[in-house]
1. Which order do the peptides 45-51, 24-30, 1-7 come out in when sorted by mean C-beta neighbours inside 10 angstrom, highest first?
2. Can you list residues whose amide H is under 5 Å from Val57's amide H, if they're 5+ apart or on another chain and H is modeled 1.01 Å from N?
3. Starting at the first residue of segment 24-30, write each ³J(HN,Hα) from the Karplus equation 6.51 cos²θ - 1.76 cosθ + 1.60 with θ = phi - 60°, in whole Hz, x for Gly and Pro.
4. Can you list the residues, at least 5 places off or on another chain, whose amide H is less than 5 Å from the amide H of Ala63, using H built in the peptide plane?
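Just so it is clear, none of the values below were taken in a lab; they were calculated from the coordinates. Note that the coordinates shown come from a computational prediction; the quantities given were computed from them, not determined experimentally. Heads up, the Cβs are rebuilt from the backbone with ideal geometry, glycines too, and the neighbour counts pull from every protein chain shown.
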Amino acid sequence: MLDRIKIDLKQDEQRGQIDPITVKSLADYFHDAIIEQLRGQYQVVREPGPDVLRLRVAVTEMANTYRATRVRDWLDSARSAGNH
């Protein structure tokens, strides 16, 4: 079981805010990529229960950089190409 990816943004007013849609796209991409890798070796379930490993993943202090502003374009390209 994999909880939704949590992304905590670094508070840095000089770099500006990160678009919430970009943050959600990035979290969704990470979640899907992890699930895809796990499915080859493990049964992935959606509910906790006996003998279920629960993963909680977080990205902490994410900061806005030039690359971060281009994440959505990269995610779109990666999904189109079928790469995770």
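1. So the order, starting with the most tightly packed, is 24-30, 1-7, 45-51.
2. Amide H neighbours of Val57, under 5 Å, 5+ apart: Asp3, Lys6.
3. 5, 4, 5, 4, 5, 4, 4
4. Lys10
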